[in-house]
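Here's the structure, in structure tokens; my notes come after.
What follows is calculated from the coordinates using simple rules that are stated; it is not laboratory data. Please read these numbers as outputs of a predicted model, since none were measured by experiment. We place every Cβ from the backbone using ideal geometry, glycine too, and count neighbours over all the protein chains shown.
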Amino acid sequence: MNWKWSVVAILLIASISCMRNAKEKKELPVLGAKDVVRQDENGENYIDTVYAQIDDFSFTDQDSNTVTGDYYDGKVRVVDFFFTSCPTICPKMKKQMLRAYEEFKGNKNVKFLSHSIDTRHDSVPVLNDYANKLGIEANQWKMVTGPEDDIYSIADEYLVSASEDSTAPGGYVHSGAFVLIDQNHQIRGYYDGTLPKDVDQMMIDIKSLLEEE
């Protein structure tokens with residue numbers, strides 16, 4: 001009898017493991033604004049849902065290269081907002097982003113994109129120095145700057161907060177979220193960039209998006 005119960009126990013453990021994997025790797029929803037439109041196909045009308053995509057943009061990275069939305073066509077990317085002199089959540093966020101970067105290092109289909117919201121201080125040389133201290137490669141993790149209005153506008157596109165605030169530590173406030181964007185420039189997830197467990201789930205979700213290709 002003992003060996004039979006051992007077999008049952010092994011099967012139960014395997015079943016639970018499969019259930020957990022299925023739960024963790026569930027299909028990700030498309031988030032953000034959507035429009036319901038009427039399409040015509042072969043003379044017949046049908047209702048279709050169209051989800052918003054992140055608009056094109058143009059910024060400058062830590063190597064003085066221009067970065068546009070086209071660079072991320074067909075790629076999964078993780079996006080955040082920060083500033084190099086941030087005394088609060090940014091160090092925690094960068095520690096967690098670096099962990100995800102190391103997990104997917106060398107994967108040409110996974111990119112990381114950090115926008116500085118301190119456009120006066122965070123010049124290209126400052127961003128370059130910051131990136132070098134993290135030990136990251138610009139072809140996979142870009143730190144960008146640009147006109148202040150453009151930075152805040154793209155933050156709105158990602159549905160996260162970013163603004164100057166003289167009463168805040170460091171003079172700025174911003175979301176601590178990591179935003180997961182799919183190969184079609186659509187939002188697929190939000191994660192607390194200061195929490196390891198959230199970033200663990202984000203890495204699972206990145207792998208799920210890669211399997212959607």
Handout entry: Amide H contacts under 5 Å for Met143, placed H, 5+ residues apart
Key = Gln62, Ser114
Problem - Förster radius 45 Å - calculated FRET efficiency between Val173 and Glu212 (Cβ-Cβ, nearest 0.05) - result: 0.85
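Give Lys26/Lys108; Lys94/Lys207; Lys95/Lys133; Lys95/Lys207; Lys105/Lys207; Lys108/Lys142 a once-over and call out the pairs whose C-alpha atoms are over 18 Å from each other.
Values: Lys26/Lys108 23 Å; Lys94/Lys207 20 Å; Lys95/Lys133 12 Å; Lys95/Lys207 20 Å; Lys105/Lys207 13 Å; Lys108/Lys142 13 Å.
Where the Cα-Cα span goes over 18 Å, the pairs concerned are Lys26/Lys108; Lys94/Lys207; Lys95/Lys207.
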Problem - Per-selection metrics, the range 101-174 (Cα): Rg and Dmax in Å - result: 13.6, 41
Problem - Shape category assigned to the range 54-211 from the gyration tensor of Cα positions, a/c cut at 1.5 - result: rounded
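Dipole size in debye (nearest 20) for the range 54-211 around its Cα centre, Lys and Arg Cβ +1, Asp and Glu Cβ -1?
Numbers: 15 positive and 26 negative charges, 148 e Å.
Magnitude of the dipole: close to 720 debye.
Can you say what percent of the DSSP beta bridges in the range 54-211, counting only those with both residues inside, are antiparallel? Round to 5. If you can, show how the numbers build up before the last one.
Values: 15 of 26 bridges.
Among the beta bridges of the range 54-211, antiparallel pairing accounts for roughly 60 percent.
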